[in-house]
Structures are given as structure tokens and as C-alpha cells.
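Undergrad: First the structure, which I've put down as C-alpha cells, then a few questions once you've had a look.
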Amino acid sequence: MSGRARTYLDHNASAPLEEEARVAMIEALGTAGNPSSVHAEGRRGRALVEEARDVVAQLVGAPAGGLTFTSGASEAIAAAVLGWRGEGAAVVSAIEHPAVHAAATRRGRGVQVAACDRQGVVAGVSLSRAVERAMEENAGPPLVALMAANNETGVIQPVGPAVREVRRIAPEAFVLCDATQACGRMAVDMAALDVDAVVISGHKLGGPMGTGALVVRQARGDEIDALVPGGGQERGRRGGTENVPAIAGFAAAAELARRRLGTGWTARATTMRDALERRLAGTIGGLGIAGQGAERLCNTSCMILAGARAETVVIALDLAGVSIGAGAACSSGKVGGSHVLEAMGLGGDAARGAIRVSSGPATETQELERFAEALEKVMVRMSVRAKSLA
Ligand code: PLP
């Protein structure tokens, strides 16, 4: 590699650690004891955890009392879905993260899937029909999962209006909103959305990997059994000594993310993203953008490169110093089928050529230009090669 700085455009996979988070973690590593201990070091650990609880809860406009720290969004999802005591079936949108689909299946009380439209939007009517089907199967109020914004396409979901429709049919439904990708990139207000639980991930907003939170509406907190039983930590909601340094780093990043929302970076990111898409539409034949007609997160673009293989493009860009994601990458890094693109009617060949470009608050126009130039070159090389093989 030359000494040229790399361009990192895969924030939806993991955002770079913020300096404030790094500093907070190092400080906590040196000063905090076990938060359950009564001595000074323990009290310092407890204070860090409780301050962090306040700060992270503010990110979703919730009181701190309902927030449980977890090892990430996946654990928070499992804690809500598997821990909810209700007996109804699960209703999950077709575009939920695999952690939601897998937990709903494991729960074993029946699963109904709510379809999205071709733009990747799950309308209230789709969700409420799935709720009706769930209640025919199993009369109890269902567990309903609708994410705030999708990780592959960035498409923002109409959570508030959809929940209103659900509650007309099933007022006691337990509604879970996975806000992993939305937090820090748009305002998320748990009360305004009228959801019962929200999931947050630390590393998507500049905190350390392996941190997350489940925030449950206080009135419904008693309906969740602890997924990890133990020594009474997290008010009995999650056993195990808290990861104090990571929690401190998570809070520092959450605080920064909340403050940044007021600085206009999201409008700037949207403008940069839209300009990038316009440029590439003019230079790459047959370029498609998944969910382009819907409201999307400011930082995300899921590009469909006709006739290309996403993994080949990702590797070629990596060699050029640019990091992006494959639209349909699963956690192992392999490119599999995308259930999200499939649900949008973009499966098969389209999904094989889907790449995901996701920026962050510090991303600059020149970085998107560097990506665009590199992608244009890769596409020319690939089409020359395809012609020479024909
Ligand atoms: N939910 C969504 C929407 C995600 O994008 C991700 C990660 O990509 C997860 C959940 C899982 O997050 P974590 O890595 O914190 O377990």
C-alpha cells in the first residue's frame, strides 16, 4: 500500500471509534472497579455505568430506568424477543436484521412476516395484516418488530403510523423497534414512536464494538425475563459484571452523536450522497439505487451494478484503498442472498451486484469522489474484461 490514507465508507458495518470514546474507555480502564463493590473503586465504576445509562437513554428520549446494557444490538434483540413473557405469535417485517428473524423463530410461538413494497418500506397496512394473521393463529397480543431504518438500504420505516395501526387491532402488542442504524443518524424518540422497546448498538455510532442497549418502556419492564440470569446486575435484567470501560466509551459516543444531530451534518451527508448517486448514474450504465424513491438515512446508498459481482467490486475497491460493503454481505463477510433486496423484488442477479456505501459525520466530499473514480475505473475494467471473454 502507498502511504495514501484509506477511504472508509462502511459505517453501517461499524463506524470508526470516536476519539472521545477512546479517551473515556482508557480512563475507565484505569480507574473503575466492579460496580457491585462498595469501595471507592467500585463506586467509581457504578457512577460511570449510571452516568452512561442516562446519556445513552437520552439518545432515544427515554428515561434511564428502562435501559439495560448488553453486548450489542444482537443480544438486545434476543433479550427482548426471547425474554418477553407474552404468549402471542411474533410479527416481524421482511427487512428486519437476521438477529430478529432468528430470535422470533427460536421463540417458537409462530411467526408472521410483514412484506415491504418495492422501495423497501413496510407500510402500516402490511404490518397490521400480519398482526391479524398472527392473532388468528394465536389469540394473544403479538410481539411486533419493525426497525427504524434498514441497514442495507438505509430506508427509513414509518414506525409511528405503523404502530398506530397495529395498536388499533392489538393495543397490548409488545412493539420492538431496532434503531441500530438510525441512532445518531436521525432523531429517534421512543415515546413519539409509541414503541415498547428500542435497540441501540454502540459501534454503529462511534462507540466500541460489543456494546449495546435494550431500552424498555417502564410500564412494560416487568414483562421481560432476563436472558442472562446472574448476580442481579442491571437491576436483575442481565447478569454478569458490567463492561465498564466499554459502557463509558459507548456513552461518550452516544453523547457526541446526540449533539452532532443538531449540527446539520445529516443534511450535508444527504446532499453529498445524492450528488454521488447523480454522478454515478451518468457514468455507470444501468446503475440502480435500492429504495431511492423512499426516505433514506442520510449516509446510506445501496447501489445495484448491473452484471457485476459485488464481492469482486469490493475487493477491487479495497485494493484501491476504498472500503465499502457488499449489499448482501452476511456477518461472515461472504456475500449471500439478501433477504432485504429479495423482499423488495430485487433478488437474483440484481442482489449479486449490490454494494453498500455508508458514510459518517466526518466523511468529506473528496472521499466520495475518490470512491466514485475508483468505482468507475473498476466498472470499465470489468466491462473490458467481459467483452474480451465474449
Ligand atoms: N440490527 C441492525 C439493523 C444491524 O444493522 C445490526 C448490525 O449490523 C445489528 C442489529 C446487530 O448489531 P450488533 O453488531 O451490535 O450485534
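Undergrad: Which whole-number percentage describes the relative contact order of the chain, with Cα contacts under 8 Å and a sequence gap of 6 or more?
TA: 22 percent
Undergrad: Same structure again: Taking the Cα-to-Cβ direction at R6 and at V228 and moving 7 Å from each Cα, how far apart do the two end points lie in nm?
TA: Here the modelled spin labels are 2.9 nm apart.
Undergrad: Another question, if that's okay. Could you work out how far helix 310-319 tilts from the main Cα principal axis of the chain, as a 0 to 90 degree angle to the nearest 10?
TA: 80 degrees
Undergrad: Average projected area of the Cα convex hull of segment 227-339, in nm²?
TA: Approximately 11.1 nm², given one-decimal rounding.
Undergrad: Gain in length, A219 to A115, computed as 0.36 nm per residue apart minus the alpha-carbon separation, to one decimal in nm?
TA: That works out to 34.5 nm of additional length.
Undergrad: Determine the percent antiparallel among the DSSP beta bridges restricted to the chain, to the nearest 5.
TA: 55 percent
Undergrad: To the nearest 0.05, how large is the calculated FRET efficiency for E369 and T270 if R₀ is 25 Å and r is the Cβ-Cβ distance?
TA: About 0.90, to the nearest 0.05.
Undergrad: Kirkwood hydrodynamic radius, computed over distinct alpha-carbon pairs, for segment 33-169: how many Å, to one decimal?
TA: About 16.7 Å for segment 33-169.
Undergrad: Suppose all protein chains stay in the model; what accessible area per residue would a 1.4 Å probe give for the chain, in Å²?
TA: Dividing the accessible area of the chain by its residue count gives 42 Å².
Undergrad: Taking a spot 7 Å from the Cα of E87 along the direction of its beta carbon, which residues of segment 162-182 have an amide N less than 15 Å from it?
TA: Within reach of a label on E87, which here means backbone N under 15 Å from a point 7 Å along Cα→Cβ, segment 162-182 contributes nothing.
Undergrad: Considering the dipole of segment 201-308 built from charges on the beta carbon (Lys and Arg +1, Asp and Glu -1) around the Cα centre, which of I224, G210, A251 is farthest to its positive end?
TA: Positive-most Cα among the choices belongs to A251.
Undergrad: Rounded to a whole number of µm²/s, how large is the Stokes-Einstein D of the chain at 20 °C and 1.002 mPa s, given Rh as the Kirkwood radius over C-alpha pairs?
TA: The Stokes-Einstein estimate is 99 µm²/s.
Undergrad: Whole-Å semi-axes of segment 153-246's equivalent ellipsoid, largest first, each the root of 5 times a Cα gyration tensor eigenvalue?
TA: They are 25, 20, 8 Å, listed largest first.
Undergrad: Might you report the magnitude of the Cβ-based charge dipole of the chain about its Cα centre, with Lys and Arg at +1 and Asp and Glu at -1, to the nearest 20 debye?
TA: For the chain, the charge dipole is close to 700 debye.
Undergrad: In whole percent, how big is the carbon plus sulfur part of the accessible area of the chain, probe 1.4 Å, protein atoms only?
TA: 54 percent
Undergrad: When DSSP assigns beta bridges and you keep just the ones with both residues in segment 16-171, what percent turn out antiparallel, to the nearest 5?
TA: 10 percent
Undergrad: For segment 1-87, report the translational diffusion coefficient in µm²/s to the nearest whole number, using Stokes-Einstein at 37 °C, 0.692 mPa s, and a Kirkwood Rh over Cα pairs.
TA: The diffusion coefficient I find is 204 µm²/s.
Undergrad: For a paramagnetic label modelled at 7 Å from the Cα of A102 toward its Cβ, which residues of segment 341-369 fall within the zone defined by backbone nitrogen distances under 20 Å?
TA: Answer for segment 341-369: 341-343.
Undergrad: Now a separate question. Report the residue, chosen from S36, S301, S323, that carries the largest GNM mean-square fluctuation when the chain is represented by alpha-carbon nodes joined by springs under 10 Å.
TA: Between S36, S301, S323, it is S36 that shows the largest mean-square fluctuation.
Undergrad: Tell me the mean residue ellipticity at 222 nm calculated for the chain from its helices only (DSSP H runs of n ≥ 4, each -39500 (n - 2.57), averaged over every residue, nearest 500).
TA: -13000 deg cm²/dmol
Undergrad: Pop the C-beta distance of A362 and T31 into the FRET formula with R0 = 35 Å and round what comes out to the nearest 0.05.
TA: Working from the Cβ atoms, E equals 0.75.
The values are calculated or read from the model by the stated rules, or taken from the named source; none is laboratory data. Just so it is clear, the structure is predicted and the values come from calculations on it, not from any experiment. Counting neighbours? That spans all protein chains shown, and the Cβs are built from the backbone with ideal geometry, glycine included. Please note that ligands, DNA and RNA were not included when accessible areas were found on the heavy atoms of the full protein model with its side chains. Shrake-Rupley method; radii C 1.70, N 1.55, O 1.52, S 1.80 Å.
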